[in-house]
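Here is the structure we will look at, set down as structure tokens.
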Amino acid sequence: MIKLTTNEIADILSGQLSGNGGVMVETTSTDTRQAVENGLFFALKGEHFDAHHYLANAVEQGCVAVVVERECEISVPQIVVQDTRLALGELAKWLKAKLNPKTVAMTGSSGKTTVKEMTAKILQKMTVCEDEVLYTFGNLNNDLGVPMTLLRLTPQHKFAVVELGANHIGEIAYTTAITQPDACLVNNVAAAHLEGFGSLEGVAQAKGEIYRGLKAGGKAIVNQAFYYPQWQKEIGEHELQSFSYTGSDQDSYADFWAENVELDLSGSHFTLHSPQGEIEINLPYLGAHNVSNALAATSLAMAVGADLNAIKVGLEQRSQVKGRLYPVEVNQHCLLIDDTYNANVDSMKSAVAVLKNYPAFRIFAVGDMAELGDESAACHQQVADFVREANLDLVVSFGQQSAVISGETAHHFTDKQAMHDFLLPIISQKIAEKQPLVLLAKGSRSQKMETLISALCLSLGVSF
């Protein structure tokens, strides 16, 4: 953030200032447990909490001013606004426009965090210092996370890479209006968060909102395999580009496409085609779906000035993120793969496609997919059918709906410790016999399947 006085902030937020207008603010906070220096605290309200009750805690943590919805008894200046959540977004939008770094944004049903990481790595190769690229930390991609990301902007940032997520219609329209990207894309559309969106068409409508916030002269990028004509209204007169990796001849009609793709156990090798020319890429990310993610990242990075050399160096530098095909090597014969961040039908299939290619004893530890509403049973059956065709060596399931995926009562668990106790002897025996084994764990966030990986690592004496 840049230094601002409480007077200046009150003007930006059209708020009523009570107290000293000359107090200087350097950071922002929404968490009374977080220590800050010269911070501005936003007192957010939710269904089950009201931060107005904890203003004294915020001051103790270093906040020198607060943004509130009602005037309170507090020793620091306060700026009274109608809605503190919207005020947080307004300040972020103002700061983004003020500093105006080249900005890209992405959304999609899956892969958006990987695309964000890839894009950031590429753009870092276009700067003197990697800190000149701001990008979303973790998965802070909602109506609070996006503003908090943008409020980290400083004059040193030349690029911003912002991930946008949503679980209801209108959320991406809101966050993209704050972000105002120079280029943006929808990575894909799949059955995810159906309880909030109602249908696959609802998912597409929500994701397509990202094009609504493009800056004048910005580039709208689409995945050719997931293009919805209804997006054209949002795209309007903006320049349109496409990327595609389906393995068919239709890919070559896209602006960014891959040819001669060779998948192996360390990633993939392919020829990347772009408007700037072609280049050979050795991608250290597992699975065919990550070839598509690499094309998405390339299209975003090139839209804001990246060249082919930066593309190659950036894509070939792996940024490993826990929960996203994160490998944990127990020894040379045993590999655990943490793909537990979240799950929908498409990402489940992608994970299975990665697992089935390993020349090893292949174990799929799967948890329920959540927020699928009335389509939940059908979606779990789709995954079950795909898993059956993959002919894996062992499938175990956890939760309720996922029992259909393992298919055997003895292989379904409602207790994570019991699943661990079942798997550990099998893994230990394979290790003792020096037989290759790969276990991949996946499930929706609510299933916390990473705790299985963590427990197995603890029992096997490796760090996670």
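The values are calculated or read from the model by the stated rules, or taken from the named source; none is laboratory data. Just so you know, these numbers come straight off a predicted model, no measurement behind them. Neighbour counts are summed over all protein chains in view; Cβ atoms, including those assigned to glycine, are modelled from backbone coordinates with ideal geometry. In case anyone asks, the SASA skips ligands and DNA or RNA and just uses the protein heavy atoms, side chains included. Shrake-Rupley method; radii C 1.70, N 1.55, O 1.52, S 1.80 Å.
Relative contact order for the chain: what is it in percent, counting Cα pairs under 8 Å that are at least 6 residues apart?
Working: 1028 pairs, mean separation 50.1, N = 464.
About 11 percent, as a whole number.
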For segment 119-168, fraction of C-alpha pairs farther apart than 18 Å, in %
30 percent
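Give the shape of segment 115-199 as rounded, prolate or oblate, defined through the alpha-carbon gyration tensor: a ≥ b ≥ c are the square roots of its eigenvalues, a/c under 1.5 means rounded, and otherwise the shape is prolate if a/b is larger than b/c and oblate if not. Each step should come with its number before you reach the end.
Details: a/c = 2.61, a/b = 1.87, b/c = 1.40.
Prolate is the answer for segment 115-199, as a/c is 1.5 or above and a/b outweighs b/c.
First obtain the Kirkwood hydrodynamic radius of segment 4-81 from its Cα pairs, then insert it into the Stokes-Einstein equation at 37 °C and 0.692 mPa s, and state the resulting D in µm² per second as a whole number.
Numbers: Rh = 12.1 Å.
D, rounded to a whole number, is 272 µm²/s.
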What order do you get for 356-363, 50-57, 178-185 when each peptide is scored by the mean count of other beta carbon atoms within 10 Å, highest first?
178-185, 356-363, 50-57
Projected label distance in nm at HIS168 and GLU73, using a 7 Å step from Cα toward the beta-carbon:
3.5 nm
Per residue accessible area in Å² of segment 411-464, where ligands, DNA and RNA are left out and the probe is 1.4 Å
47 Å²
Can you list the lysines whose alpha carbon is less than 27 Å from that of LYS434, not counting same-chain residues fewer than 8 positions off?
LYS322, LYS356, LYS416, LYS442
q = 0.22 Å⁻¹, segment 82-155: log10 I(q)/I(0) [Debye, one scatterer per Cα]:
-1.07
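So, with a 1.4 angstrom probe, what is the percent of accessible area on segment 236-391 that is carbon and sulfur? List each step's numbers first, then the result.
Values: 2760 of 6360 Å².
The C+S portion of the solvent-accessible surface of segment 236-391 is 43 percent.
Rounded to the nearest 500 deg cm²/dmol, what is the calculated helix-only ellipticity per residue at 222 nm for the chain, with -39500 (n - 2.57) per DSSP H run of length n ≥ 4? Can you show the working numbers first?
Working: 16 runs with 157 residues, N = 464.
One gets -10000 deg cm²/dmol as the mean residue ellipticity at 222 nm.
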Kindly count the pairs of lysines across segment 1-109 whose alpha carbons are less than 23 Å apart, treating pairs on different chains or eight or more residues apart as eligible.
6
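Quick check: net charge around ALA303, other residues with Cβ under 14 Å of its Cβ, Lys/Arg +1 and Asp/Glu -1?
Values: positive: LYS102, LYS215, LYS219; negative: ASP182, GLU239, ASP255, ASP307.
Neighbourhood net charge equals -1.
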Along the charge dipole of segment 326-460, which of ALA403, LEU336, LEU392 sits closest to the positive end, that is, farthest toward it, with unit charges on the beta carbon of Lys, Arg, Asp and Glu (+1, +1, -1, -1)?
LEU336
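Dividing the convex hull volume of the Cα atoms of segment 100-316 by its residue count, what figure in Å³ per residue is obtained? Numbers along the way, then the final one.
Numbers: hull volume 24.3 nm³, N = 217.
Value for segment 100-316: 112 Å³ per residue.
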Please work out the average accessible area per residue across segment 105-208, using the 1.4 Å probe convention, and give it in Å².
30 Å²
One checks the Cα atoms of the chain and finds Rg and Dmax, in Å, of 23.6, 72
Separation between Cα centres of segment 409-459 and segment 336-352, rounded to whole Å
15 Å
Can you list the aspartates and glutamates whose alpha carbon is less than 12 Å from that of LYS233, not counting same-chain residues fewer than 8 positions off?
GLU209
With the Cα gyration tensor of segment 210-336 giving a ≥ b ≥ c as the square roots of its eigenvalues, does the rule (a/c under 1.5 for rounded; else a/b larger than b/c for prolate; else oblate) give rounded, prolate or oblate?
prolate
Hey, how many Å between the Cα centroid of segment 226-247 and the Cα centroid of segment 87-122?
19 Å
Output the Kirkwood hydrodynamic radius of segment 295-441, Cα pairs only, in Å rounded to one decimal.
16.9 Å
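What is the sum of charges around HIS269, taking Lys and Arg as +1, Asp and Glu as -1, for the other residues whose C-beta is under 10 Å from the C-beta of HIS269? Don't jump to the answer; show the numbers that get you there.
Working: positive: none; negative: GLU262, ASP264, GLU280.
Taking every Cβ under 10 Å from that of HIS269, the sum is -3.
Based on the alpha carbons, how large is the Rg to Rh ratio for segment 379-464 when Rh follows Kirkwood? Spell out each step's value before the answer.
Working: Rg = 13.2 Å, Rh = 13.8 Å.
Value, to two decimals: 0.96.
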Can you list the DSSP H helices in the chain whose Cα atoms extend at least 20 Å along the helix axis and whose mean Kyte-Doolittle hydropathy is -0.5 or higher?
84-99, 289-303, 376-390, 416-432
Rounded to the nearest 10 Å², what accessible area does HIS238 show when all protein chains are kept and the probe is 1.4 Å?
50 Å²
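Applying 1/(1 + (r/R0)^6) with R0 = 45 Å to the Cβ-Cβ distance of LEU458 and LEU240, what FRET efficiency is obtained, to the nearest 0.05? Provide the component values of the computation, followed by the final result.
Numbers: r = 50 Å, r/R0 = 1.11.
That gives a FRET efficiency of 0.35.
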1/(1 + (r/R0)^6) with r = Cβ-Cβ of SER319 and ARG445, R0 = 25 Å, i.e. FRET efficiency to nearest 0.05, evaluates to 0.75
For segment 302-380, the fraction of alpha-carbon pairs in successive 5 Å shells from zero, as %:
3, 11, 18, 17, 15, 13, 11, 8, 4, 0
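Per 0.36 nm of contour for each residue apart, how much would the distance between ASN260 and GLN82 grow if the chain were fully extended, relative to their Cα-Cα spacing? Before the final figure, lay out each step's value.
Numbers: separation 178, 0.36 × 178 = 64.08 nm, distance 5.65 nm.
Full extension of this stretch gives 58.4 nm more.
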What is the gain in length, in nm to one decimal, between GLU132 and ALA390 on full extension, counting 0.36 nm per residue of separation less the C-alpha to C-alpha distance?
88.5 nm
Hypothetical label at ASN282: residues of segment 298-313 whose amide nitrogen lies under 13 Å (7 Å Cα-Cβ projection):
313
Apply the a/c threshold of 1.5 to the C-alpha gyration tensor of segment 205-268 and tell me whether it is rounded, prolate or oblate.
prolate
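Enter the accessible area per residue of segment 4-81 (Å², integer; probe 1.4 Å; all protein chains in place). Provide the component values of the computation, followed by the final result.
Details: 3940 Å² over 78 residues.
Normalised by residue count, the accessible surface of segment 4-81 is 51 Å².
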